[in-house]
Amino acid sequence: MAKLATIGVYGFDGDSFLERLRQADVRLLLDVRQRRGVRGPDYAWANSLRLQAALAEAGIEYRHHRELAPTTELRHLQYAEDARQGVGKRSRRELAAEYTRRYTAEILDPVDLDPIVAALPSGGIATLFCVERDPEACHRSLVARRLAEQHHITVEHLRPL
């Protein structure tokens with residue numbers, strides 16, 4: 001049975017992120033962010049070009065899957081719900097129901113996941129990568145769930161230790 005992980009940026013520094021990938025035997029990182037940058041000096045390592053260079057040095061392949069990224073409109077829908085609940089983006093624990101419904105209908109349902117499954121490494125695992133620390137607060141959990149349900153892939157969520 002194929003395996004897949006998910007991982008976010010928050011809670012890691014560049015070194016601990018790469019170490020967590022090594023521990024999980026990640027060979028392929030699938031970036032599912034729309035904008036491949038993170039604000040703030042603590043997370044500059046996760047900006048696309050720096051991240052790709054660090055991954056290449058670590059022997060981990062990088063692929064960007066923008067087709068799985070939420071649109072700006074969907075992100076703003078989630079931000080509005082975060083504001084309504086008084087929750088910061090970095091402390092969100094779950095996705096809004098309307099965001100989940102629309103992301104699934106507008107992004108996930110139309111995407112053919114077969115090419116992603118076919119490209120999973122035969123040795124080691126791939127990981128879906130986004131920003132949020134907790135997968136339940138990120139669209140990557142929706143992608144992972146779909147892959148598990150439709151392609152019988154085992155999913156592990158990597159978190160900071």
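The values are calculated or read from the model by the stated rules, or taken from the named source; none is laboratory data. Treat the numbers as computed from the prediction; the structure is a model and nothing was measured. For neighbour counting, all protein chains shown are included, and Cβ atoms are generated from backbone atoms with ideal geometry for every residue, glycine included.
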(message) Within the range 38-51, does at least one residue satisfy the condition of being more than 18 Å from Ala137 (Cα to Cα), among the small types (Gly, Ala, Ser), in contact with a Phe, Trp or Tyr (Cβ under 8 Å, 6 or more places away or on another chain) and in a helix (DSSP H, G or I)?
(response) yes
(message) Going residue by residue through the range 121-144, is there one that turns out to be under 28 Å from Gln23 (Cα atoms), of a type in the set (Ser, Thr, Tyr) and surrounded by 13 or more Cβ atoms within 10 Å (Cβ to Cβ)?
(response) yes
(request) May I ask you to verify whether Val9 is within 19 Å of Gly88 (Cα to Cα) and hydrophobic (A, V, I, L, M, F, W, C)? (result) yes
(message) On the basis of being touching a residue at least 40 places away in the same chain (Cβ under 8 Å), out of contact with any helix residue (DSSP H, G or I) (no Cβ under 7 Å at 6 or more places or on another chain), over 22 Å from Ala118 (Cα atoms) and surrounded by fewer than 16 Cβ atoms within 10 Å (Cβ to Cβ), does Ser48 make the cut?
(response) no
(request) Could you please let me know if Arg63 is surrounded by fewer than 16 Cβ atoms within 10 Å (Cβ to Cβ) and basic (Lys, Arg)? (result) yes
(message) When you check Arg140 against the structure, is it basic (Lys, Arg) and modelled with pLDDT under 95, yes or no?
(response) no
(request) Filter the range 90-116 for residues that are surrounded by fewer than 13 Cβ atoms within 10 Å (Cβ to Cβ) and in contact with a helix residue (DSSP H, G or I) (Cβ under 7 Å, 6 or more places away or on another chain) and give the result. (result) Arg93
(request) Could you list, in sequence order, all residues of the range 105-147 that are without any contact (Cβ under 8 Å) to a residue 12 or more places away in the chain and either closer than 19 Å to Glu94 by Cβ or under 17 Å from the mean Cα position of the chain (by Cα) (or both)? (result) Ala105, Arg145
(message) Of everything in the range 3-34, what is touching a residue at least 40 places away in the same chain (Cβ under 8 Å), part of a helix (DSSP H, G or I) and crowded, with 22+ Cβ neighbours inside 10 Å? Give them in sequence order.
(response) Leu21
